[in-house]
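Visitor: Sharing a structure here in structure tokens format.
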Amino acid sequence: MTDVFFNGREAVQLENNFLRLTVLKEGGHIAEVYDKRAGVSPLWIPHWKSVEPSRFGQDQHEQFGTGPDAKLLVGIMGHNLCLDIFGGPSSKEALAGLTVHGEASVDRYDISESSDELVMRLTLVLAQLEFTRAIQLHGQYVRIYETVENLSAIDRPLAWTQHVTLGPPFLDPATTEFRASMTRSIVSEADPGFARYLATGEEFDWPLAPRPDGGRADLQQMHKTAPASGYTAHLADPSRDHAYFVAFSPEFNLAFGYLWQPADFPWMGIWEENCSRKASPWDGRTVTRGMEFGVSPFPETRREMIERNRLLDTPTYKWISSRGRLNVEYWIASEPAESVPEALSWPA
């Protein structure tokens with residue numbers, strides 16, 4: 001493990017002959033999974049200057065505003081953990097200090113090296129949770145093992161999403177292809193951008209999403225022209241022993257994806273932003289695709305999540321018991337390819 005500065009941020013790195021992985025100390029974001037053979041990291045780096053969330057202050061208000069998303073936006077990169085909410089806080093939660101996607105997205109982690117792994121630890125003071133993430137490199141794969149422990153004496157509902165966001169130069173709306181082990185799907189009623197191209201609230205089967213004009217959009221590729229935006233939620237195929245998504249760049253001849261257990265994370269959300277957000281800090285320049293797998297289908301407040309309860313016959317959150325503990329394991333795969341793989345195999 002090496003201490004470094006990455007885009008002006010305090011970070012640590014692990015690397016082997018195939019990959020270099022970078023984790024930010026504040027926010028805990030996996031900012032980079034750099035494939036040395038392809039010479040690229042598929043993860044999103046915003047075009048604006050990154051700031052440590054602890055240094056967020058009035059001098060950033062003009063660019064980022066004063067809303068509950070501002071402290072997240074100043075420091076977000078790549079793979080962001082959403083815990084214990086996925087979406088925005090309520091007005092009362094925001095007054096108490098809770099930010100969009102929760103404390104895990106902005107607080108400082110204790111990061112250490114143990115044997116052959118990087119270990120991240122964080123106590124979520126407001127949520128009364130203990131979070132641990134262990135990261136290991138295995139050739140062209142990354143193994144990630146996470147634990148969430150409930151410090152309170154109350155059984156409680158939990159949101160827990162891996163907000164993986166891809167960006168240029170790996171992501172090109174015209175050429176990057178996607179595959180995923182998804183089945184039943186639904187378009188969000190709320191559009192995260194300002195140039196929706198899908199029919200809101202409509203159910204469909206992966207990957208053909210309904211358009212307002214009655215046509216279909218193949219979500220195995222982004223909307224090619226800007227501006228465009230959208231959010232869709234998808235259920236992982238229950239007939240498979242693991243879930244996955246994979247993205248392929250013909251420019252870099254690289255296939256990059258994640259694998260996880262559907263019992264851990266039954267939902268995957270796809271967030272598309274193609275230069276639709278004109279306000280600062282987006283400035284109509286952002287091209288991203290979030291492939292966000294977790295226990296909830298949509299980013300929304302805690303009350304909305306609980307009141308929704310179920311969608312497509314599937315729970316929209318997970319319970320964690322009093323003093324209880326939940327564990328998950330998932331993998332990142334990065335491998336040279338001449339075409340998009342139709343599936344990813346769980347590493348041996």
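Visitor: Which loop trypsin sites (Lys or Arg not before Pro) in the stretch 49-97, with loop taken from DSSP, have no more than 11 other Cβ atoms within 10 angstrom of their Cβ?
Guide: Details: sites: LYS49, ARG55, LYS71, LYS92; in loops: LYS49.
Qualifying residues, ordered by number: LYS49.
Visitor: What distance in nm separates the two pseudo spin-label positions at ASN253 and SER322, each 7 Å out from Cα along the beta-carbon direction?
Guide: Taking the two extended label points, one gets 6.0 nm.
Visitor: Evaluate the Debye formula for the stretch 62-139 with equal point scatterers sitting on the alpha carbons, no solvent, and hand back log10 of I(q)/I(0) at q = 0.23 Å⁻¹, in q order, two decimals.
Guide: Normalising to I(0) and taking log10 leaves -1.09.
Visitor: Between THR314 and LYS49, what is 0.36 nm times their sequence separation minus the Cα-Cα distance? Round to one decimal in nm. Don't skip to the answer; put the middle values down first.
Guide: Values: separation 265, 0.36 × 265 = 95.40 nm, distance 3.94 nm.
Gain on extension, THR314 to LYS49, equals 91.5 nm.
Visitor: If you stretched the chain out fully between ARG108 and ASP283, how much longer would it get, using 0.36 nm times the residue separation minus the C-alpha to C-alpha distance? Each step should come with its number before you reach the end.
Guide: Details: separation 175, 0.36 × 175 = 63.00 nm, distance 2.81 nm.
Net length gain for the segment: 60.2 nm.
Visitor: Using packing as a proxy for protection, rank 250-256, 302-308 so that the peptide with the highest average count of other Cβ atoms within 10 Å comes first. Walk me through the intermediate numbers first.
Guide: Values: 250-256: 19.0, 302-308: 15.3.
Top of the packing list down: 250-256, 302-308.
Visitor: To continue, here is another question. Could you tell me which residue out of PRO53, ILE30, LEU19 lies farthest along the dipole of the stretch 1-63 toward its positive end? Charges go on the beta carbon: Lys and Arg +1, Asp and Glu -1, centred on the Cα centre.
Guide: Farthest towards the positive pole: LEU19.
Visitor: Could you tell me the distance between the Cα centroids of the stretch 267-315 and the stretch 117-167, to the nearest Å?
Guide: What the calculation gives is 19 Å, centre to centre.
Visitor: With the crude spin-label approximation of a point 7 Å out along Cα→Cβ, what separation in nm comes out for GLN63 versus ILE306?
Guide: Going from the GLN63 label point to the ILE306 one covers 3.7 nm.
Visitor: For TYR34, what charge total do you get from the other residues with a beta carbon under 12 Å from its beta carbon, if Lys and Arg give +1 and Asp and Glu give -1? Walk me through the intermediate numbers first.
Guide: Values: positive: ARG20, LYS36, ARG37; negative: GLU15, GLU32, ASP35.
So the surrounding residues net to 0.
Visitor: Using a 7 Å offset from Cα along Cα-Cβ at ALA343, what residues in the stretch 217-243 end up with backbone N under 11 Å from the label point?
Guide: 239-243
Visitor: ³J(HN,Hα) across the stretch 305-317 via Karplus (A = 6.51, B = -1.76, C = 1.60, θ = phi - 60°), whole Hz, x for Gly/Pro?
Guide: Calculated HN-Hα couplings, in order: 4, 5, 5, 5, 6, 9, 8, 6, 6, 10, x, 10, 7 Hz.
Every number in this text was worked out from the coordinates using simple rules, so none of it is lab data. Computed from a prediction, not measured in an experiment: that's the story for all the values here. Virtual Cβ from ideal backbone geometry, glycine too; neighbours counted across all protein chains shown.
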